[in-house]
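Working notes, structure below.
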Amino acid sequence: MAKSKKTKARSKARAASKKVARKVVKLASSKKAKTPARNGSARTSLPLPPPSKKPYGQAGKALDGVRVLDFTHVQSGPTCTQLLAYMGADVIKVERPGVGDITRGQLVDVKGADSLYFTMLNGNKRSITIDSKHPEGKRVLDELVKACDVLVENFAPGALDRMGLTWEHIHKLNPRMIVASVKGFGPGPYEDCKVYENVAQCAGGAASTTGFRDGPPLVTGAQIGDSGTGLHLALGIVAALYQRIRTGRGQKVLAAMQDGVLNLARVKLRDQQRLKHGPLKEYSQYGEGIPFGDAVPRAGNDSGGGQPGWILKCKGWETDPNAYIYFITQAPVWEAICDLIGKPEWKTDPDYVTPPARLPRLKQIFATIEEWTMTKTKFEVMEICNKHDIPVGPILSMKEIAEEPSLRKTGTVVEVDHPVRGKYLTVGNPIKLSDSPCEVKRSPLLGEHTDEILTQVLGFKKDEVARIKASGALTAPEKPEKSKAA
Ligand code: CAO
């Protein structure tokens with residue numbers, strides 16, 4: 001009798017939480033999808049409800065009703081689930097009792113508080129602690145699998161299977177579940193390798209094409225391997241959710257970090273193929289008469305596109321490491337550039353008048369432009385050039401970005417309050433949706449929502465929660481007392 005009550009409570013909680021999702025699935029079964037449109041062509045898009053009459057920004061959030069079982073750690077996976085949370089998904093982060101995501105304790109700046117590494121990647125989520133290898137913990141996890149729409153993980157290859165959460169097991173419990181993974185490599189010789197950011201930057205072709213020709217390969221400060229792949233995974237998840245509306249079933253989504261980096265470095269694979277047909281004329285090494293090898297070289301600060309560019313010194317460069325500007329000699333504004341830098345004769349000189357004529361002289365051209373930029377601050381150069389539509393970009397320090405009022409105004413840089421560390425800055429949603437507002441919330445404390453999730457999401461009664469807790473599945477094993485341990 002007690003058992004059936006519990007089951008009822010749990011299915012009631014699940015039913016309530018799936019209300020929105022079910023509404024959406026219903027659309028998939030509608031026959032309207034196949035009826036021809038008025039113009040006679042087949043209707044290919046899904047039937048939609050009538051446009052909401054609510055004002056924009058008041059019709060909920062893009063991912064309302066989507067519940068994510070977040071098994072991610074470090075950076076790549078958490079980036080993905082934070083974005084989903086920013087867009088309205090209910091993200092439940094499962095963490096190891098007592099320890100949590102390893103980044104909580106990495107690069108600690110405020111003693112006793114979760115690190116910025118953790119807080120800046122786990123906003124808008126709820127945290128539950130579960131020992132996924134404890135029999136009772138496994139039981140709770142199975143219930144969560146049934147209650148969620150998406151499972152996201154970025155464990156080392158095979159770790160999820162070792163927990164017993166194989167695709168078959170998950171899919172038997174919940175055929176609608178989307179199982180999304182970040183791994184270092186896709187199927188192939190390296191599929192079993194553990195991978196961190198810089199390994200991916202190296203294996204994805206970014207490092208070999210970054211830096212100066214006469215120096216070693218370089219990694220970039222932007223976390224294209226971790227955050228870049230998290231972003232790719234988020235897109236895969238949203239696409240799988242959309243497909244599920246039609247198929248009613250989940251699928252596996254894989255974003256390999258090597259693939260993600262290569263996708264971001266695709267212009268260099270473009271150049272690799274162009275090499276077969278002659279030198280890469282927009283690379284400054286061409287103008288310097290240095291022959292090309294058989295692989296794309298590092299190109300320093302050359303522009304990756306068809307419009308030559310370089311980083312130039314500005315006023316104050318002797319003491320300020322960021323007193324520089326990126327200057328692009330875009331062809332349509334060449335004449336304006338010549339006038340600005342005091343070289344009007346270049347407008348008609350055959351050596352400078354056309355882009356191909358300029359290519360062998362880029363080094364000298366940029367040196368001349370730099371004589372002009374060095375007389376002005378980077379912001380003055382920006383202001384003057386913008387008036388003439390000349391594309392330039394100041395090299396902004398992280399200090400300048402942190403203090404930039406326009407980024408605060410758009411919610412790209414947000415200050416949040418944390419009960420232990422106090423106020424900190426984080427990056428809000430970089431993707432702005434006009435009908436899905438984003439309110440950035442602080443990251444959760446370890447296990448902060450354990451009780452709430454067990455009762456409200458899974459429908460467990462208080463006595464059952466107490467029993468699970470007593471089993472040790474949700475808490476770290478007690479450390480033996482020193483006297484006993486000795
Ligand atoms: N309860 C019990 N055990 C748990 C647990 C929980 N709640 N959460 C995790 N664990 C266990 C895992 O089951 C695993 O155990 P086994 O090895 O016995 O199966 C163990 O913790 C460690 O997991 P891991 O191997 O993923 O972690 P790691 O620190 O050794 O490696 C990393 C980290 C990032 C190299 C690896 O996870 C990886 O390669 N991930 C895929 C690529 C990726 O995302 N890299 C980006 C990292 S961000 O720079």
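The values are calculated or read from the model by the stated rules, or taken from the named source; none is laboratory data. In this text the structure is predicted, and so the values were computed from the model without any measurement. Don't worry about glycine lacking a Cβ; one is built from the backbone with ideal geometry, like all the others, and counts go over all protein chains shown.
State whether the residues of the range 442-449 include one that is surrounded by 15 or more Cβ atoms within 10 Å (Cβ to Cβ), under 19 Å from the mean Cα position of the chain (by Cα) and on the phi < 0 side of the Ramachandran plot.
Yes, the range 442-449 contains at least one residue that is surrounded by 15 or more Cβ atoms within 10 Å (Cβ to Cβ), under 19 Å from the mean Cα position of the chain (by Cα) and on the phi < 0 side of the Ramachandran plot.
For the range 343-373, give me each residue that is surrounded by 14 or more Cβ atoms within 10 Å (Cβ to Cβ), polar (S, T, N, Q) and not in a helix (DSSP H, G or I).
None; the set is empty.
Only one of 404, 335, 370 is of a type in the set (Asp, Glu) and over 30 Å from residue 278 (Cβ atoms); which?
Among 404, 335, 370, only 404 is of a type in the set (Asp, Glu) and over 30 Å from residue 278 (Cβ atoms).
Residues to consider are 165, 235; find the one that is on the phi < 0 side of the Ramachandran plot, away from the ligand (no atom under 14 Å from the Cβ) and either out of contact with any Lys or Arg (no Cβ under 7 Å at 6 or more places or on another chain) or of a type in the set (Phe, Trp, Tyr) (or both).
Of 165, 235, the one residue that is on the phi < 0 side of the Ramachandran plot, away from the ligand (no atom under 14 Å from the Cβ) and either out of contact with any Lys or Arg (no Cβ under 7 Å at 6 or more places or on another chain) or of a type in the set (Phe, Trp, Tyr) (or both) is 235.
Search the range 242-254 for residues that are within 27 Å of residue 191 (Cα to Cα) and pair each with any residue that is among the polar types (S, T, N, Q) when their beta-carbon atoms are under 6 Å apart and the residues are at least 6 apart or on different chains.
Taking only residues 6 or more apart or on different chains, the pairs are 254/181.
Give the residues of the range 360-379 that are within 30 Å of residue 291 (Cα to Cα), touching a Leu at 6+ places or on another chain (Cβ under 9 Å) and β-branched (Val, Ile, Thr), sorted by residue number.
The answer is 369, and nothing else.
With in a helix (DSSP H, G or I), closer than 21 Å to residue 429 by Cβ, at pLDDT 95 or above and not small (Gly, Ala, Ser) as the only criterion, which of 261, 238, 253 stands out?
The unique qualifying residue is 238.
Exactly one of (1) under 26 Å from residue 221 (Cα atoms); (2) touching a residue at least 12 places away in the same chain (Cβ under 8 Å) is unmet by residue 435. Its number?
The single condition residue 435 does not satisfy is (1).
In the range 408-435, how many residues are over 24 Å from residue 108 (Cα atoms) and more than 18 Å from the chain's Cα centre (by Cα)?
Selection size over the range 408-435: 5.
Could you check the range 97-114 and list, in sequence order, the residues that are among the polar types (S, T, N, Q) and surrounded by fewer than 18 Cβ atoms within 10 Å (Cβ to Cβ)?
106
Residue by residue, here is whether (1) among the hydrophobic types (A, V, I, L, M, F, W, C); (2) at pLDDT 95 or above; (3) under 24 Å from residue 102 (Cβ atoms) holds:
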{"position": "421", "(1), (2), (3)": "no, yes, yes"}
{"position": "438", "(1), (2), (3)": "yes, yes, no"}
{"position": "456", "(1), (2), (3)": "no, yes, no"}
{"position": "461", "(1), (2), (3)": "no, yes, no"}
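Matching residues to (1) touching a helix residue (DSSP H, G or I) at 6+ places or on another chain (Cβ under 7 Å); (2) at pLDDT below 95; (3) surrounded by 21 or more Cβ atoms within 10 Å (Cβ to Cβ); (4) hydrophobic (A, V, I, L, M, F, W, C):
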residue	(1), (2), (3), (4)
119	no, no, yes, no
124	yes, no, yes, no
136	yes, no, no, no
156	no, no, no, yes
161	no, no, no, no
166	no, no, no, no
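Could you tell me which residue of the range 194-218 is nearest to the ligand (Cβ to nearest atom), considering only residues that are of a type outside the set (D, E, K, R) and surrounded by fewer than 14 Cβ atoms within 10 Å (Cβ to Cβ)?
Checking each candidate, the answer is 217.
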